[in-house]
1. Here are B:Lys326, B:Lys284, B:Lys337: which of them is under 29 Å from B:Leu118 (Cα atoms), away from chain A (no Cβ under 12 Å), surrounded by fewer than 20 Cβ atoms within 10 Å (Cβ to Cβ) and not hydroxyl-bearing (Ser, Thr, Tyr)?
2. Among the candidates B:Ala375, B:Ala446, B:Ala433, B:Ala422, which residue alone is surrounded by fewer than 20 Cβ atoms within 10 Å (Cβ to Cβ) and either in contact with an Asp or Glu (Cβ under 7 Å, 6 or more places away or on another chain) or within 14 Å of chain A (Cβ to nearest Cβ) (or both)?
3. From (1) away from chain B (no Cβ under 14 Å); (2) part of a strand (DSSP E or B); (3) over 23 Å from B:Thr395 (Cα atoms), pick out the condition that doesn't hold for A:Met469.
4. Against the conditions (1) among the aliphatic types (A, V, I, L, M); (2) under 30 Å from B:Val179 (Cα atoms); (3) assigned to a strand (DSSP E or B), where does B:Leu350 fall short? Just the number, please.
5. Filter the range B:266-276 for residues that are at pLDDT 95 or above, closer than 19 Å to B:Ala346 by Cα and not in a helix (DSSP H, G or I) and give the result.
6. Here is a check on your reading of the model: is B:Ala34 more than 9 Å from chain A (Cβ to nearest Cβ) and either modelled with pLDDT under 95 or surrounded by 21 or more Cβ atoms within 10 Å (Cβ to Cβ) (or both)?
7. Can you name the residue in the range A:411-422 that is at the interface with chain B (Cβ under 7 Å from one of its Cβ atoms) and under 18 Å from B:Thr403 (Cα atoms) and is also surrounded by the most Cβ atoms within 10 Å (Cβ to Cβ) among such residues?
8. How about the range A:54-78: which of its residues are of a type in the set (A, V, I, L, M), more than 7 Å from chain B (Cβ to nearest Cβ) and in contact (Cβ under 8 Å) with a residue 60 or more places away in the chain?
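The values are calculated or read from the model by the stated rules, or taken from the named source; none is laboratory data. Note that the coordinates shown come from a computational prediction; the quantities given were computed from them, not determined experimentally. All Cβ positions, glycine included, derive from the backbone under ideal geometry; neighbour counts span all protein chains shown.
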Amino acid sequence: MTQNQSLFFQKFGITPNDLQRYLSEALSAGGEYADLYFEYLTSTSISVDEGIVKSASQGISAGCGVRVLAGERTGYAHTDDLAPEKILRAARTAALIARGPGQQPVQAFKETAVHQLYQISSPSADAEIAAKLELVMRADRAARAYDPRIVQMRGVYADELRQILVIGSDGTFADDIQPMARMSILCIAKNGNTSARGQSGGGGRVGLDYFNNEKTPEYFAAEAARQAIIQLDAREAPAGEMEVVLGPGWPGILLHEAIGHGLEADFNRKGTSAFSGLIGKRVASEKCTVVDNGTLPSRRGSINVDDEGSPTQNTVLIEKGILKGYLSDKLSSKLMGLPDTGNGRRESYEHIPMPRMTNTYMLSGDDAPQDIIRSVKRGVYAVNFGGGQVDITSGKFVFSASEAYMIEGGQVTAPLRNCTLIGNGPDALTKVSMVGNDLQLDEGVGTCGKDGQSVPVGVGIPTIKLDKMTVGGTAS
Amino acid sequence: MPANTETLSSAALDLRKIATDVVSRAMKAGASAADAIVRDETEFSTVVRMREVETLKEAGSRGMGLRVFVGKRMASTYSSDFSREGIERLVGGALELAKLTSEDPSAGLPDESDLGSLPGDLKLYYDDVFSFPPEQRIEYARRAEKAALEADPRIRNSEGGGFDASTGRKVLANSLGFVGEYERSYCSITAVPIAQDENGSMQRDYWYSAARSLARLDSPESIGREAARRTVRRLGARKVPSTKVPIVFDRTVAASILAHVFEAASGDAIYRHSSFLTGKLGEKIAGENITIIDDGTMPGGFGTSPFDGEGVPTRKTVVVENGVLKSYLLNSYTARKLSLQTTGNASRGLAGNPGIGSGNFFLQPGQHSPQQIIAGVQRGFFVTEFLGFGINLVTGDFSRGATGLWIENGELTFPVEEVTVAGNFKEMLKNIAEIGSDLEFRSSTACPTLRIEGMTLAGE
């Protein structure tokens with residue numbers, strides 16, 4: 001018996017017989033498939049602001065979501081009370097999506113073999129709160145010591161431990177204990193009348209030792225402070241189409257917005273994505289190979305099993321420019337006759353799972369990053385980003401650079417402010433003419449929103465050059 | 001309606017009891033002050049896609065949050081576990097945490113004299129939202145989508161029609177003796193059609209109606225038809241060359257611009273120097289024609305409540321009057337930081353310190369209809385949707401992806417996409433040349449159609 005079972009089975013007194021009963025109830029109105037998602041989430045957050053730890057908070061949320069599928073229909077109900085009668089009631093509510101006599105039997109449970117991606121001795125959720133507090137104080141000191149022009153610093157350390165148990169009427173029986181820890185730093189720099197901000201952060205499915213041994217509070221603080229100081233001297237970004245070079249790592253958000261969402265199977269099943277029907281077609285230059293990989297150890301976007309109990313995978317989305325596959329969950333894979341890629345994710349037990357990305361990145365190419373920059377006459381070099389957004393149907397996407405520079409005559413020159421990039425998903429990657437040999441994954445800060453549900457994700461990219469993209473600044 | 005009040009208060013008593021019990025337990029355990037919030041919510045949502053029910057979701061959820069002060073140290077805990085053990089853990093955990101946080105001279109509950117609740121019926125709760133049978137709710141979603149699908153032959157697909165309903169009760173209690181509660185209902189109809197032209201390229205848009213009472217919703221048919229109209233007009237959209245032209249913002253996107261003023265005027269951003277409005281109180285920050293108000297007291301409003309997240313009555317605050325910044329929006333903490341008075345704008349989730357939340361936040365309407373404003377533009381861009389979130393409140397830098405229609409000789413001509421509109425927010429507020437007469441509250445932030453000069457459109 002795993003640790004997880006002991007939590008839901010022992011703390012909440014749930015038995016395998018109960019699970020059978022809940023699923024039978026869920027299928028009683030003729031549903032074809034039903035699943036139960038038990039979740040027990042503990043979280044901690046500590047923030048430093050103006051040099052003091054102003055607040056610390058801890059919370060617990062627990063509940064169970066019951067889903068019933070009938071054809072393309074989904075019935076869903078959830079409860080935050082794990083008493084049998086409450087779960088049965090949720091099962092009865094969700095069951096009503098189907099109309100007819102119950103037919104589908106519940107299969108014997110078979111435990112899913114899961115990855116072991118979180119290689120930590122003890123999750124940080126268990127660590128002493130004082131040790132976490134020390135991390136934010138260290139970040140505060142480091143940011144202030146970086147430069148006297150840093151006038152404000154705010155740092156947050158947050159972690160959580162999510163214990164899940166997913167039971168499906170097809171015999172699915174999967175559990176996982178998913179740790180997550182993250183630091184985020186925001187700095188404000190001021191020089192005379194000019195203010196600017198810089199932001200950084202990172203983490204993953206890691207323990208507290210990650211912040212002591214690998215990426216320290218001092219590292220994140222210096223990075224945020226550095227960006228804020230650089231932005232003090234930034235000039236207006238240009239407006240119009242030009243060459244754009246993306247630096248390695250977090251700029252991989254391009255892939256997330258430009259193609260990732262458009263390749264989620266639900267949109268393609270419904271024919272509402274700009275990528276619908278493009279499998280086997282060229283959607284990128286042949287230098288581009290893009291994958292979504294949920295199996296990278298310790299990454300923020302990685303999970304041993306998805307929220308439908310399926311093991312995550314490494315899925316090739318684009319191979320040498322050709323569209324290869326979609327990201328799927330159980331429902332879409334069944335309706336489309338495609339493999340389930342283990343991308344069925346949800347924010348919590350209150351939410352219906354749907355196809356979501358994990359860690360989405362482009363593989364390294366052959367070009368040296370310096371050569372890529374040297375090849376640009378006049379363009380933009382974007383190395384850090386805020387957020388982005390995509391219109392799945394038209395394919396148009398934007399993402400906003402928080403750190404970018406002009407490239408003039410093959411040289412990186414002035415820092416830019418207000419630099420938003422906009423493009424069209426299905427053809428943006430066809431304009432990729434150079435791909436660097438320097439693939440990097442992001443630091444572990446990404447959160448993706450879809451239909452009001454947030455899930456942690458990762459992105460990555462080597463340095464790349466796009467021959468043409470619209471830069472949304474104000475300068476001519 | 002005595003019978004009705006009876007049932008309400010018996011359900012209410014329970015939550016009140018839990019909230020006051022949590023506070024008194026915290027005080028007994030050593031807190032010098034505390035407040036607790038308890039929430040109980042019910043939600044229903046359905047989507048009908050291509051005339052078939054696609055999802056049906058129904059659920060209730062509860063949660064409670066506790067904030068304790070031990071002297072000038074603060075900590076908070078939250079939980080969905082209402083068992084005795086859960087409550088003990090909530091209280092014990094908060095007090096443990098409060099030993100570790102720093103002394104913060106500004107920490108504390110609001111002054112006792114600031115506490116209170118607006119009297120009278122604020123018209124926030126209507127029974128009809130949940131007495132409406134599920135079959136009919138589904139029917140509303142179906143009708144909205146059907147109207148969209150039938151409005152134009154080019155509407156060939158859909159992300160569906162939706163109907164959502166929710167009710168929530170909230171109780172706040174603190175150790176100064178404040179106990180307040182209110183109940184709110186909400187329902188909405190949406191339609192998200194997809195149009196396709198002869199080349200196969202697709203466009204999506206949406207429309208919705210939201211209200212606190214079912215009786216106040218627009219008809220599903222009108223939602224479907226308007227969604228279809230907004231979608232079809234985007235077909236054949238193209239990029240235009242980069243240029244500087246007057247930009248007219250549809251009121252849906254204008255509301256999103258106005259929301260940036262709210263963020264910039266929020267006490268948290270002000271005292272942290274992370275807003276371009278820091279230190280600008282009493283200064284001219286916008287054109288003479290601009291008056292912006294936050295009013296948490298409007299009966300039936302989406303941003304209305306009898307008291308804020310700390311138990312301070314909501315009120316009407318003039319934020320900008322004829323271009324002059326008159327007030328920030330504050331809770332008691334940010335008020336203390338800035339040596340000002342709270343404006344009753346505390347927002348309280350279950351976890352952490354209260355933030356700043358708006359009441360009904362709006363820009364005073366002007367004289368002209370949107371049609372008249374467009375007719376006054378020789379050559380310009382009418383923005384109907386933003387993409388992305390490109391604003392930096394520290395510097396005021398603003399650049400967002402935009403979709404809309406080109407204006408030529410005062411008329412809407414062809415659709416435009418894959419462009420950005422950019423400028424500096426500080427300048428944009430001074431360059432609002434026209435304000436529409438079409439103020440309508442579709443959410444807690446509302447703004448009429450705006451025409452702004454001096455912005456850059458980046459395209460080809």
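1. B:Lys326
2. Among B:Ala375, B:Ala446, B:Ala433, B:Ala422, only B:Ala433 is surrounded by fewer than 20 Cβ atoms within 10 Å (Cβ to Cβ) and either in contact with an Asp or Glu (Cβ under 7 Å, 6 or more places away or on another chain) or within 14 Å of chain A (Cβ to nearest Cβ) (or both).
3. (1)
4. Among (1) among the aliphatic types (A, V, I, L, M); (2) under 30 Å from B:Val179 (Cα atoms); (3) assigned to a strand (DSSP E or B), the lone unmet condition for B:Leu350 is (3).
5. B:Ser266, B:Ser275 - these are the residues of the range B:266-276 that are at pLDDT 95 or above, closer than 19 Å to B:Ala346 by Cα and not in a helix (DSSP H, G or I).
6. So B:Ala34 fits the description; yes.
7. That would be A:Thr420.
8. Across the range A:54-78, the qualifying residue is only A:Leu69.
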